[in-house]
Amino acid sequence: MSTPSEPGHDRSEPDLSAIVGERRQLINLAYRLLGSLAEAEDAVQETYARWYAMSRERQEAVESPGAWMTTVATRICLDLLGSARVRRERYVGEWIPEPLPDRTEWITGPAGGGAEPADPADWVTLDESVNMAFLVVLESMTPAERVAFILHDVFRYPFAEVAEIVGRTPVACRQLASSARRRVRAAQAPVVPAAGQAGLVRNFKEAWEARDIEALVDLLDPDATMIADGGGMVGAVLRPVEGSERIAQYLIHIAGKAPGLTLLERTVNGLPGLVAQHAGVTVTVAAFSLTYGRITRIWAVRNPEKLRPWTENVQADPAS
């Protein structure tokens, strides 16, 4: 597992630029822990609020501000994960982690205007620890498993430090991470080269545009599953669609109901995916999981609240 960034170094004094510099590390950590950029931003904002609420004397007494902020942000995320199950039970339909665009597509201002990368999208490192399949597996873990695993296996914190952050013994944290690791291995699909993934997604896009149901069925694994997340705000299937033929039929049905839909090939959480736009507005972001040359999972996010990075800041299709 790659490491998005290293833990903060010790500092004798809380330097302002160094404190602000911790934000990228915290956003990366919080997004992986929560699966939601909006919630990650809130958690990091709360962390900074707690830091600045302290007196200067208390700040100076903190041996490592970076470590302090990581601890606080992680505990905030742990509390949010603890209440997430209740919130998920009230959620309308299936809940899918919030998809992220590639950093080169996330800009402020008009496309091609030379604007600076937006905050905080340019800070989220898109690697295997944020692809949609991985985030979905994280959702199956207990909050403690998820935190221990992310801190140790992704961010490379020693178990002694993980124990201090989560308030458990190093042995307990090691066991939690080991349990989480088994979940990841059990769900792990064979690695497909990036070029192969892009080619398969492109073929899927073309078959969908052509309304070629036979081609779609051939591209899908017979036991494929499609999950749509509308959050009760837009029309979406509330239960997974299972089987290649049923998925293909559903997609053809959608194509018939939305003749003005435009499909764009985009990077979704670091891997090839598709973005559906209607009248120039992003309405769906789809991520894929592939196995042995066929599509096994499709995650289609339609909840407008989860598409903020795509509707506010992603540049338009260069070909349009």
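The values are calculated or read from the model by the stated rules, or taken from the named source; none is laboratory data. The structure presented is a predicted model; accordingly, all values stated were derived computationally and were not measured. Glycine also receives a Cβ, built like all others from the backbone with ideal geometry; neighbour counts cover every protein chain displayed. The protein model used for the area step is the full one, side chains on, heavy atoms only, and it has no ligands, DNA or RNA in it. Shrake-Rupley method; radii C 1.70, N 1.55, O 1.52, S 1.80 Å.
A few notes on this one:
- Among the residues making up segment 187-197, those that are open to solvent by less than 90 Å² (accessible area, probe 1.4 Å) and closer than 15 Å to T296 by Cα are A187, A189, P190, V192, G196, Q197.
- Among the candidates K257, K306, residue that is under 25 Å from G232 (Cβ atoms), surrounded by 22 or more Cβ atoms within 10 Å (Cβ to Cβ) and out of contact with any Cys (no Cβ under 7 Å at 6 or more places or on another chain): K306
- Residues in segment 210-252 that are acidic (D, E), over 16 Å from L200 (Cα atoms) and either in contact with a Gly (Cβ under 6 Å, 6 or more places away or on another chain) or open to solvent by 20 Å² or more (accessible area, probe 1.4 Å) (or both): 3 in all.
- Number of residues in segment 259-297 that are of a type in the set (A, V, I, L, M) and closer than 21 Å to L37 by Cβ equals 11.
- Of the criteria (1) surrounded by fewer than 22 Cβ atoms within 10 Å (Cβ to Cβ); (2) farther than 22 Å from V301 by Cα, which one V44 fails: (1)
- Out of A133, A160, one residue alone is part of a helix (DSSP H, G or I) and without any contact (Cβ under 8 Å) to a residue 40 or more places away in the chain. It is A160.
- Residues in segment 231-277 that are more than 25 Å from L135 (Cβ to Cβ), part of a strand (DSSP E or B) and touching a residue at least 24 places away in the same chain (Cβ under 8 Å): T262 only.
- Residues in segment 97-122 that are at pLDDT 60 or above and not in a loop (DSSP other than H, G, I, E, B) were compared, and the one that is most open to solvent (accessible area, probe 1.4 Å) is R103.
- Those residues of segment 27-77 which are in contact with a helix residue (DSSP H, G or I) (Cβ under 7 Å, 6 or more places away or on another chain), over 18 Å from T125 (Cα atoms) and among the acidic types (D, E), in sequence order: E46
- Every pair of residues 6+ apart whose Cβ atoms lie under 7 Å, when the first sits in segment 24-47 and is farther than 14 Å from N269 by Cβ and touching a residue at least 60 places away in the same chain (Cβ under 8 Å) while the second is of a type in the set (K, R) and crowded, with 20+ Cβ neighbours inside 10 Å: L33/R146
- Residue in segment 10-20 that is of a type outside the set (S, T, N, Q), assigned to a helix (DSSP H, G or I) and loosely packed, with under 13 Cβ neighbours inside 10 Å present: yes
- Selection from segment 171-188 of residues that are in contact with a helix residue (DSSP H, G or I) (Cβ under 7 Å, 6 or more places away or on another chain) and within 16 Å of T291 (Cβ to Cβ): V184, A187
- Of all residues in segment 136-154, those being in a loop (DSSP other than H, G, I, E, B) and more than 16 Å from the chain's Cα centre (by Cα) number 1.
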